[in-house]
Amino acid sequence: MITGKTKVVAVIGNPIEHSLSPPMHNAAYKQLGMDYVYVAFKIEKGNLSHLIESAKTMGLVGLNVTIPYKTDIIEYLDEVDDTARRINAVNTIRFKDGIARGYNTDGTGAVKSIEKYTDLKDKKVLVLGAGGASKAITFTLLNHGINSLTIANRSRDNAIQLIDNLKKQTGFDQISYVDIEKADIILEDVDIIINTTPIGMYPNVDADTPIKTEKINGNHVVMDIIYNPLETKLLKMAKDNGATTISGTNMLIYQGITAFEIFTDRTPSYESFEKALLEQLK
Ligand SMILES: NC(=O)c1ccc[n+]([C@@H]2O[C@H](COP(=O)([O-])OP(=O)(O)OC[C@H]3O[C@@H](n4cnc5c(N)ncnc54)[C@H](OP(=O)(O)O)[C@@H]3O)[C@@H](O)[C@H]2O)c1
């Protein structure tokens, strides 16, 4: 029951009505018997500047931040964790002792998803796409001992900008670019493939795959960060070729679990998040 003692966590964004975070977090509070509630607020851009002070005034425990505010929110925070600062995007804020501190859990969510299936150490990784999600994932991957990173993208300039930034931030220089149209040429020399483009996302589930799949085989681990549908055309074709496949629900769940830990210092079960998510995606 919600009472005067119930602690409040929220997600902000615009649009926000279809956010999957409230059902996942609320299911975990219930499972752990915690007196918390997680709600969603649609915020207009002009109101972002007062949001953090208002949230502090009302005693919120924390906030998740989604599209389009992950970068714009940074200037209003008191502190930003080093990873989020380097990625230049915050998706989680904890309020503690009057301080608003920002974090980014997207990259951690992706890395934990892959580590469930394979070790990242010394692996050659191909990431498709160079947008916001790619930035968080590639930066985090470089802190996990991979051998090399190739970024395949439609716009060369966007990929080169990301690569230059990653090299500057991490000092790691085994990073190269390939045109996404020709990325299948290097598949023989890659262990892990991660799709961060929206190609194959609902409702365009029958669109072409982001790369040609003929050369994907049983030696590959393929993750698609799209979670609707649960199995994209890329994952289906990769699985048919014998590859190990990882659905985008894994990343969504682990980024949420990592945020939950930041908010509450407790670890929810993967199953509580997963069950709530799959009920929403049915
Ligand atoms: N599972 C999760 O937890 C999770 C978390 C975050 C995001 N996502 C999903 O990740 C996807 C990307 O999100 P984002 O925020 O990174 O988007 P974004 O910043 O807009 O980046 C999109 C990337 O995909 C490329 N792209 C877009 N349309 C393309 C097309 N038709 N052909 C080839 N390349 C195309 C873009 O290439 P250009 O550089 O050429 O424009 C860019 O590199 C979305 O589907 C989102 O739902 C999932």
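Within segment 12-45, list the residues whose amide N lies under 14 Å from a label point set 7 Å along Cα→Cβ of SER54.
Once the point is set 7 Å along Cα→Cβ of SER54, 12-14, 40-45 turn out to lie under 14 Å by backbone N, inside segment 12-45.
On the full set of protein chains, 1.4 Å probe, figure out the accessible area of HIS50 and give it in Å² to the nearest 10.
100
Over the chain, how many percent of alpha carbon pairs lie in each 10 Å bin up to the one with the longest distance?
Taking all Cα pairs of the chain, the binned fractions are 6, 28, 34, 22, 8, 1, 0 percent.
Below 8 Å between Cα atoms, with a sequence gap of 6+, how large is the relative contact order for segment 107-246 in percent?
This gives 23 percent for segment 107-246.
For LYS56, list the lysines whose Cα falls under 29 Å from its own Cα; do not include residues on the same chain fewer than 8 positions away.
LYS5, LYS7, LYS30, LYS42, LYS45, LYS70, LYS96
Scale the Cα Rg of segment 184-269 by the rule-of-thumb value 2.2 N^0.38 Å and send over the ratio, two decimals.
Values: Rg = 14.7 Å, N = 86, 2.2 N^0.38 = 12.0 Å.
So segment 184-269 has a normalised radius of gyration of 1.23.
Of all the Cα-Cα pairs you can form in segment 7-92, what percent are over 18 Å apart?
Above the 18 Å cut-off, segment 7-92 has 44 percent of its Cα pairs.
Over the chain, give the accessible area per residue in Å² for a 1.4 Å probe, as an integer.
Each residue of the chain exposes 48 Å² on average to a 1.4 Å probe.
Two decimals is fine: what's Rg over Rh for segment 82-193, C-alpha atoms, Kirkwood radius as Rh?
Values: Rg = 14.7 Å, Rh = 14.6 Å.
Looking at segment 82-193, the ratio lands at 1.01.
Reachable lysines from LYS236, Cα under 24 Å, same-chain residues fewer than 8 places away excluded?
LYS112, LYS116, LYS123, LYS124, LYS182, LYS212, LYS215, LYS275, LYS282
Modelling each spin label as a point 7 Å along the Cα-to-Cβ direction, I'd like the LYS124/GLU75 distance in nm, to one decimal.
Result: 4.4 nm between the two label points.
Between ASP189 and ASP82, how high is the FRET efficiency from 1/(1 + (r/R0)^6) when r is the Cβ-Cβ distance and R₀ = 41 Å? Nearest 0.05.
Working: r = 32 Å, r/R0 = 0.78.
Computed FRET efficiency for ASP189 and ASP82 comes out at 0.80.
Could you give the dipole magnitude of the chain about its Cα centre, charging the beta-carbon of Lys and Arg +1 and that of Asp and Glu -1, in debye to the nearest 20?
In total the dipole reaches around 420 debye.
With a 1.4 Å probe and every protein chain left in place, tell me how much accessible area ILE262 has, in Å² to the nearest 10.
Accessible area of ILE262: about 30 Å².
Bin all alpha-carbon pair distances of segment 146-203 at 10 Å intervals from 0 and give each bin's fraction as a whole percent.
20, 51, 26, 3
With an 8 Å cut-off on Cα pairs and a minimum separation of 6 or more residues, tell me the relative contact order of the chain in percent.
This gives 17 percent for the chain.
Give me the percent of the accessible area of segment 107-246 that comes from carbon and sulfur atoms, probe 1.4 Å, all protein chains in place.
Here carbon and sulfur together make up 45 percent of the probe-accessible area.
Dipole size in debye (nearest 20) for segment 203-282 around its Cα centre, Lys and Arg Cβ +1, Asp and Glu Cβ -1?
140
The values are calculated or read from the model by the stated rules, or taken from the named source; none is laboratory data. Note that the structure is predicted; figures quoted are calculated from it, not measured. Cβ: placed from backbone, ideal geometry, glycine included. Neighbour counts: every protein chain shown. Just so you know, the surface numbers come from the protein's heavy atoms only, side chains and all, with ligands and any DNA or RNA stripped out. Shrake-Rupley method; radii C 1.70, N 1.55, O 1.52, S 1.80 Å.
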